[in-house]
Amino acid sequence: MKSSHFLSGLIALLPLLGFAQKDNSVVLKDLTSKTQKYGDIAHQIWNLAEMGYLEEKSSQLLQKTLSDAGFAIEKGVAGIPTAFIAEYGSGFPVIAVLGEYDALPGLSQQAVAEKKSANKAAGHACGHHLFGTASTAAAIAVKDWMKKNKVKGTIRFYGCPAEEGGSGKVYMVREGLFNDVDVALHWHPGAQNSANAGAALANKSAKFRFYGTSAHAAGAPEMGRSALDGVEAMNVMVNMMREHIPQEARIHYVITDGGKAPNVVPNFAEVYYYARHGKRDVVIDIFDRIVKAAEGAALGTGTTMDFEMIGGTHELLPNLTLQKLVHDNLSKVGGMTYSNEEKAFAEKIAKSFGYGKLDIEKATDIQPYKEKARAYGSTDVGDVSFAVPTVGMRAATWVPGTPAHSWQAIAAGGTSIGTKGMMIAAKTLTLTAMDLFKNPKIVEEAQLEFNNRRGKDFEYIPLLGDRPPALDYRK
Ligand SMILES: [Zn+2]
Ligand SMILES: [Zn+2]
């Protein structure tokens, strides 16, 4: 009797399992059919190439796409005109998909396989046009599936501006916009398909401004005090400091204003600094020492100094419960196949790096799952990962071997390779969100792991302090 009960239970379950698979294939097919549509949207944002906090049209385009699909839009959140939240549904679980859309200054490139400027002030060298669009595609696909199957819960898209140095998400976290979120999903364009536990360095950045006294540099140098001297003295001290900081730290700077003419003693100079390390406490310590160097430089050069905090982000907190789920879904979705035209483009790009041969399996395959990854970049997703269980992945939107922030990344991101890679991410995030809606147990497990990793005594202190969003940092 018992075994027949078990059997009938199993028989009853079989169509359900089949249904789940069919469910997935319907959703994936639907996303595939919208490749062109989302490719066009991404291309528009690629063309706009708007920098951090200036992404008005890009943000507007994604807002319209989501509102046309039935999402309620709340714009201008956290005091940032280009930040927004799009929402569908209500109640538990609340699944958030993050999207970015800012471009990088000083990099401009056409969608061709040789270095050729597009004569623009900025370019999508980090592929955030794909990031924002694929996340939008995923949010809409999840919503359509929820509506069709009367699934309970909330799907949200977070429109996150100014990732590149602007720390947009930090203000959104500080504002409490993630307080009721259960899981946050994100991804990033890359040169391979992988869903390893991501790593990122905590980061603090600031602009140091020195003020001196102008005078004729030849006629009356004794009357002048050079603000540029202040910057140079500071840089010398910080460069000496490099020998005495923990391994794996990173410090970099650019002089954003060094005076205007050699025959005028500069009365103003500015240097823009980043300090990074895998642990935010180390970053805080290094940053304080950089400030001391700036103070010493001002004292020694007879100038005055002040500084403005620009960005500050936490390191990434991994969540392996979610990471395994994303890896499984990425494996289900699979990599891409290049057309002959794409392959010819990719081979040319590979040659531009001096690679003899194109590492094509990085685009066609899924990288094996690893619980630890090394990475030296930073992301404001770090702060989200300390607010709610967060998980991400990478898709091969760029030719294998391409680093971020290169002309080759802009080029591939503007072609069908970028679009194909983006759709791998859209599909993976969609399947993952569906799993979370179907199995609230995974959400609970992820929450448990999150609480353990974050620690009982965790208190969120934004590394950029209480400053308002640096809306003009790219102006
Ligand atoms: Zn970047
Ligand atoms: Zn990026």
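The values are calculated or read from the model by the stated rules, or taken from the named source; none is laboratory data. Note that the structure is predicted; figures quoted are calculated from it, not measured. When we count neighbours, we look across all protein chains shown, and the Cβ atoms used for this are built from the backbone with ideal geometry, even at glycine. SASA here: full protein model, heavy atoms, side chains in, ligands and nucleic acids out. Shrake-Rupley method; radii C 1.70, N 1.55, O 1.52, S 1.80 Å.
Extending 7 Å from Cα along the Cβ direction at GLU243 and again at THR213 yields two label points whose distance is 3.5 nm. Against the main long axis of the alpha-carbon atoms of the chain, helix 227-241 sits at an angle near 60°. Round to the nearest 10 and give me the degree value, 0 to 90, for the angle of helix 56-68's Cα axis relative to the longest principal axis of the chain. Roughly 10 degrees between the two axes.
Where in segment 40-64 is the amide nitrogen less than 11 Å from a point lying 7 Å along the Cα-to-Cβ axis of LYS120? 43-51, 58, by backbone N distance to the label point. Please list the non-local residues whose amide H lies under 5 Å from the amide H of HIS188, H modeled 1.01 Å from N, same-chain partners needing a gap of 5 or more. Close amide H contacts, sequence-distant or interchain: MET393, ARG394, ALA395. The separation of segment 189-213 from segment 244-259, counted between C-alpha centres, amounts to 12 Å. In terms of packing, defined here as the mean over residues of other Cβ atoms within 10 angstrom, the peptides 194-207, 107-120 line up highest first as 194-207, 107-120. In this structure, the amide hydrogen of THR390, modeled 1.01 Å from its nitrogen in the peptide plane, lies closer than 5 angstrom to those of ALA184, counting only residues at least 5 positions away or on a different chain.
Segment 377-406 and segment 304-375 have their alpha-carbon centroids 8 Å apart. Ligands, DNA and RNA are left out, and with a 1.4 angstrom probe the accessible area of segment 202-313 is 49 Å² per residue. A simple rule links phi to the HN-Hα coupling: the Karplus curve 6.51 cos²θ - 1.76 cosθ + 1.60 with θ = phi - 60°, which for segment 151-161 gives 7, 8, x, 10, 10, 10, 10, 9, x, 10, x Hz, with x for Gly and Pro. Which one, LEU358, ALA294, VAL283, projects farthest toward the positive side of the charge dipole computed for segment 256-359 from Cβ point charges (K/R +1, D/E -1)? Among LEU358, ALA294, VAL283, the one farthest towards the positive end of the dipole of segment 256-359 is LEU358.
What a 1.4 Å probe finds exposed on the chain is 55% carbon and sulfur by accessible area, rounded to a whole percent. Along segment 359-368 the Karplus relation, 6.51 cos²θ - 1.76 cosθ + 1.60 evaluated at θ = phi - 60°, assigns HN-Hα couplings of 7, 5, 5, 5, 8, 8, 9, 10, 5, x Hz to successive residues, with x for each Gly and Pro. Relative to the Cα centre, the charge distribution of the chain, modelled as +1 at Lys and Arg Cβ and -1 at Asp and Glu Cβ, gives a dipole magnitude of about 1320 debye. Near VAL97, the amide H atoms lying under 5 Å from its own belong to ARG156, PHE157, TYR158, LEU185; only residues 5 or more places off or on other chains count, and H is placed 1.01 Å from N. Derived scalar couplings between HN and Hα for segment 311-322 equal x, x, 9, 6, 5, 8, 9, x, 9, 6, 4, 6 Hz in order, rounded to whole Hz, by the Karplus curve 6.51 cos²θ - 1.76 cosθ + 1.60 (θ = phi - 60°), x for Gly and Pro.
Measure nothing fancy, just the Cα-based angle from helix 340-352's long axis to the longest principal axis of the chain, in degrees from 0 to 90, nearest 10. For 340-352 against the chain, the angle is about 30 degrees. Stretching LYS372 away from GLU295 to a fully extended chain increases their span by 23.8 nm, per 0.36 nm per residue minus the current alpha-carbon distance.
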